[in-house]
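Every number in this text was worked out from the coordinates using simple rules, so none of it is lab data. As the structure is a computational prediction, the values presented were derived from the model and not from experiment. Note: ideal-geometry Cβ built from the backbone for every residue, glycine included; neighbour counts use all protein chains shown.
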Amino acid sequence: MLTKSQAKLFFLAGTVIFSVLFLGLSIDTHLNRVGEQTHEENITEGVIAGKHLWEENNCMGCHTIMGEGAYYAPELTKVVERRGVPYIKGVLMSPTPWGEHTSGRKMVAYGFSDEEANNLVEYLTWIGNIDLNGFPAKPQYKVEKNN
Ligand code: HEC
């Protein structure tokens, strides 16, 4: 059993140690990890222009990136890897609301120019290369064994 003063010391020492640890890790995250994991050296003019288009057109009103946004339309963090550039440009430049599902949900027909679509693709490519510690998780499909 701890005495009252031992319990006090235990509480204070624990609080101090974990506060210092928390502050140290937070500082490390901001000074080192964010730049490294986001590959900030790859932020080009195109990526920035794409990010502005992303904001101005409220893509997050329907989509998510890194899980942030609305859950109406597909998650776009790894969309470049999943769909490839020509497909994405087709969706972004389509003059008619694009959709392949019977749910009735359609992508907005923004009719972006080639340059705008390229900027958005550059932005989505940069997003897709961020080291997110494994997010989004890849689905574990059941593998059938061939006997
Ligand atoms: C009003 C809702 C809405 C908004 C706003 C919206 N989208 Fe979409 N988008 C959709 C829906 C719904 C789909 C899926 C259509 C389908 O698969 O049939 C889609 C599909 C896509 C796809 C293909 C995704 C895939 O995995 O097939 C991309 C890329 C995309 N949108 C990018 C954007 C960008 C960039 C913006 C902003 C400039 C944007 N969207 C704004 C509804 C929206």
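May I ask you to list the trypsin sites (Lys or Arg not before Pro) in segment 102-147 that are in a DSSP loop and have at most 11 other Cβ atoms within 10 Å of their Cβ? Walk me through the numbers on the way to the answer.
Values: sites: Arg105, Lys106, Lys142, Lys145; in loops: Arg105, Lys106, Lys142, Lys145.
Hits after loop and neighbour filter: Lys142, Lys145.
Looking at the chain, identify the longest residue range that excludes and avoids all GluC sites (Glu not before Pro) in DSSP loops having at most 16 other Cβ atoms within 10 Å. All intermediate terms of the calculation are to be shown ahead of the outcome.
Numbers: sites that count: Glu100, Glu144.
In the chain, the maximal stretch lacking such sites is 1-99.
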Checklist entry - Which of Asn133, Val108, Ser5 sits farthest toward the positive end of the charge dipole of the chain, with +1 on the Cβ of Lys and Arg and -1 on the Cβ of Asp and Glu? => result Ser5
Checklist outcome for this item: Scaled by the rule-of-thumb 2.2 N^0.38 Å, the alpha carbon Rg for segment 35-114 gives a ratio of 1.16
Next on the checklist: Testing the spin-label approximation: label points 7 Å from Cα along Cα→Cβ at Phe11 and Arg82. State their distance in nm.
Outcome noted: 4.9 nm
Checklist entry - If a helix is a whole DSSP H run, which ones in the chain reach 27 Å or further along their own axis (Cα) and hold a mean Kyte-Doolittle hydropathy of at least -0.5? => result 4-28
Checklist entry - About the Cα centre of segment 45-121, what is the dipole size in debye to 20, counting +1 per Lys and Arg Cβ and -1 per Asp and Glu Cβ, all else neutral? => result 340 debye
